[in-house]
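Here is the structure we will look at.
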Amino acid sequence: MDVIEIKDLSFSYNENEVLNNISVEIGKGEFVAMIGPNGSGKTTLIKIILGLLNPTGGSIKLFGKDISEFRDWNEIGYIPQKGSIEENFPGSISEVISLKEGSCSEKEKIVKMLDLEKLLGRKFSNLSGGQQQKVLIALALTSNPKLLILDEPTVGVDLKVQQSFYEILHKLNSELGVTIIIVTHDVGVIPNYVQSIISINHNICCKSKSEKMEELLEQVYGKKVQMFHHMHK
């Protein structure tokens with residue numbers, strides 16, 4: 001069963017068409033990157049998947065159910081572009097993680113897996129960008145989701161932190177079987193980690209293996225591009 005099934009999906013803000021005739025399927029356990037130019041509709045598509053926006057045409061199914069009938073939102077974890085917590089939030093990591101419901105044993109498991117045990121007493125505002133992202137992942141995982149969606153989570157962090165971040169996502173995907181969708185511009189890094197890539201530019205939506213990154217970039221950006229790969233450590 002597909003985790004997400006999108007067919008002929010369209011969306012408009014008033015008369016401004018953002019998405020036109022988008023169709024794509026994402027299977028259980030996939031690790032997928034979503035790429036495209038700024039303003040191409042990536043975040044809009046994510047918001048539709050999350051039930052925050054209603055499409056103006058087409059259909060979308062989550063875990064085999066029409067989105068209008070879907071109720072198990074705890075099965076989906078989400079990390080938005082700028083994080084779900086203000087950078088100056090005065091609380092400790094323990095207090096941040098306690099913001100969402102979840103069993104203590106499950107939270108302890110997540111904290112250990114993300115190597116946050118020694119940081120629990122520190123304030124969220126005093127953490128590095130990479131450490132803050134780990135906390136946000138922990139927060140998203142407290143409901144034990146089957147699908148994790150991240151919208152440009154590595155903006156503003158250096159390459160070393162990016163690679164460590166993708167290693168964590170790879171572990172979540174390979175060891176826990178979490179289906180992952182990540183919206184990103186890190187086109188030089190993601191081929192080392194993701195299985196498939198979705199390219200989108202309003203009315204273009206194609207899915208292919210990560211090995212075809214350069215071909216996808218040319219299709220979605222409409223011109224020849226040159227890509228430099230960062231080697232997997």
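The values are calculated or read from the model by the stated rules, or taken from the named source; none is laboratory data. All of these numbers come straight from a predicted model, not from anything done at the bench. Cβ sites come from the backbone with ideal geometry, for glycine too, and all protein chains shown count toward neighbours. We work out accessible area using only protein heavy atoms, side chains counted, and drop any ligands, DNA or RNA first. Shrake-Rupley method; radii C 1.70, N 1.55, O 1.52, S 1.80 Å.
Cα gyration tensor of region 85-155, axes a ≥ b ≥ c as square roots of the eigenvalues: rounded (a/c below 1.5), prolate (a/b > b/c) or oblate? If you can, show how the numbers build up before the last one.
Values: a/c = 1.60, a/b = 1.13, b/c = 1.42.
It comes out oblate by the Cα gyration axes.
Which value, in Å², gives the accessible area per residue of the chain when a 1.4 Å probe is used on the protein heavy atoms?
I get 51 Å² per residue for the chain.
Could you tell me which GluC sites (Glu not before Pro) in region 2-37 are loop residues by DSSP with no more than 14 other beta carbons within 10 angstrom of their beta carbon?
Listed in order of number, the matching sites are Glu15.
Between Lys65 and Asn21, what is the label-point separation in nm under the 7 Å Cα-to-beta-carbon projection?
Placing both labels 7 Å along Cα→Cβ, they lie 3.2 nm apart.
(1) 60, 37, 30; (2) 52, 40, 37; (3) 48, 43, 33: which one is Cα extents along the principal axes in Å as calculated from this entry?
This structure yields the entry labelled (3).
Give Lys7/Lys42; Lys134/Lys209; Lys28/Lys207; Lys100/Lys123 a once-over and call out the pairs whose C-alpha atoms are over 19 Å from each other.
Table pairs above 19 Å Cα-Cα are Lys134/Lys209.
Could you compute how much accessible surface Leu50 exposes when probed at 1.4 Å, giving the result in Å² to the nearest 10?
For Leu50, the solvent-accessible surface is approximately 20 Å².
What helices does the chain have that are whole DSSP H segments, at least 24 Å long along their own axis by Cα, and with mean Kyte-Doolittle hydropathy of -1.0 or more?
Helices meeting the span and hydropathy rule in the chain are 159-176.
Using 7 Å Cα-to-Cβ label points, what is the Ser174/Asp158 separation (nm, one decimal)?
2.5
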